[in-house]
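Take a look at the structure below.
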Amino acid sequence: MKKYFAELVGTFWLVLGGCGSAVLAAAFPEVGIGLLGVSLAFGLTVLTMAFAIGHISGCHLNPAVSVGLWAGGRFPANELLPYIVAQVIGAVVAGGVLFVIASGAAGFDVSAGFASNGYGEHSPGGYSLVAALVTEIVMTMMFLVIILGATDERAPAGFAPIAIGLGLTLIHLISIPVTNTSVNPARSTGVALFVGDWATAQLWLFWVAPIVGGVLGAAIYRIIGKPD
């Protein structure tokens, strides 16, 4: 149970830190942190939690990562469902906390997006469903390659959280304009449930694409990471 609770707490921090920065600070008058700041915030949540709970649960914080680690032979199948449930609960609780905070400001409108992921008219840059699908698959695929490589027993010890955190930062820098960046079904669910409407209608893509990407990333690392 410690592992599952650690995943819940870690995913709570990821959503509160990452989505919170987008909702509360990205466009704050005159001193907003912008796309770069939001990207860094997501990376920092993973980096800090990897050091904090990596030794307890492995710090997945993401159903696509858990599935990818299973596909890569690094995670037992019988723990997949409990991990995913814990991650989604943590994300939804974080979404609730963020909603309470954000709604304390005059003019708050959850229908404006609330850091939800989307495509078409709900993509920050107006990108199509196909563009969003490809982006989420490829970004999650590369995220798993980074994770599997950085945590390989042959990799330099102790540096995995830095590589993984910076990897997630880079992923956000690339893909926020396309989908607002998911690569994490729990993160997407945690805020979409509070928006409802279009956010929940489009949520399927942000479950399917990251999981497909996670499996592809695991397959790639099985090839390139195979010992000689």
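The values are calculated or read from the model by the stated rules, or taken from the named source; none is laboratory data. Not measured: the values here are computed from a predicted model. FYI the Cβ positions are ideal-geometry reconstructions off the backbone, even for glycines, and counts take in every protein chain you see. To get the accessible areas, we keep the full protein, side chains included, count just its heavy atoms, and leave off ligands, DNA and RNA. Shrake-Rupley method; radii C 1.70, N 1.55, O 1.52, S 1.80 Å.
Which of the GluC sites (Glu not before Pro) across segment 1-84 are loop residues per DSSP, with 14 or fewer other Cβ within 10 Å?
GLU30
Determine the share of the chain's accessible area contributed by carbon and sulfur atoms, expressed in whole percent, with a 1.4 angstrom probe.
72
Residue separation times 0.36 nm, minus the C-alpha to C-alpha distance between PHE108 and ARG154: what's the value?
11.7 nm
Taking chymotrypsin sites (Phe, Trp or Tyr not before Pro) as exposed when DSSP calls them loop (any state but H, G, I, E, B) and at most 13 other Cβ atoms lie within 10 Å, what is the longest stretch of the chain free of them, the sites themselves excluded?
Segment 1-107 is the longest.
How much length is gained if the chain between ALA201 and ILE101 is pulled fully straight, taking 0.36 nm per residue apart and subtracting their Cα-Cα distance, in nm to one decimal?
That works out to 33.5 nm of additional length.
Say R0 is 35 Å: what FRET efficiency, to the nearest 0.05, do ILE223 and ALA52 get from their beta-carbon distance?
0.65
Just the ratio, please: alpha-carbon radius of gyration of segment 59-132 over 2.2 N^0.38 Å, N its number of residues.
Here the answer is 1.46, to two decimals.
Within 10 Å of each candidate Cβ there may be at most 16 other Cβ atoms; applying that plus a DSSP loop requirement, which GluC sites (Glu not before Pro) in segment 121-228 survive?
GLU153
Could you pull out the trypsin sites (Lys or Arg not before Pro) across segment 123-228 that fall in loop regions by DSSP (anything but H, G, I, E, B) with no more than 13 other Cβ atoms inside 10 Å?
Listed in order of number, the matching sites are ARG154.
Excluding ligands and nucleic acids, what accessible area in Å² is computed for MET142 using a 1.4 Å probe, to the nearest 10?
90
Enter the angle in degrees (range 0 to 90, nearest 10) between the Cα long axis of helix 80-102 and the first principal axis of the Cα atoms of the chain, meaning the one along which they spread out most.
That works out to roughly 30 degrees.
On average, how much accessible surface per residue is there in the chain, in Å², for a 1.4 Å probe, leaving out ligands, DNA and RNA?
Per residue, the chain has an accessible area of 45 Å².
Hey, could you get me the Stokes-Einstein D for segment 1-74, Kirkwood radius over alpha-carbon pairs, 37 °C and 0.692 mPa s, rounded to whole µm² s⁻¹?
In µm²/s, the coefficient rounds to 251.
When N is the residue count of segment 10-120, what does its C-alpha Rg come to as a fraction of 2.2 N^0.38 Å?
So segment 10-120 has a normalised radius of gyration of 1.18.
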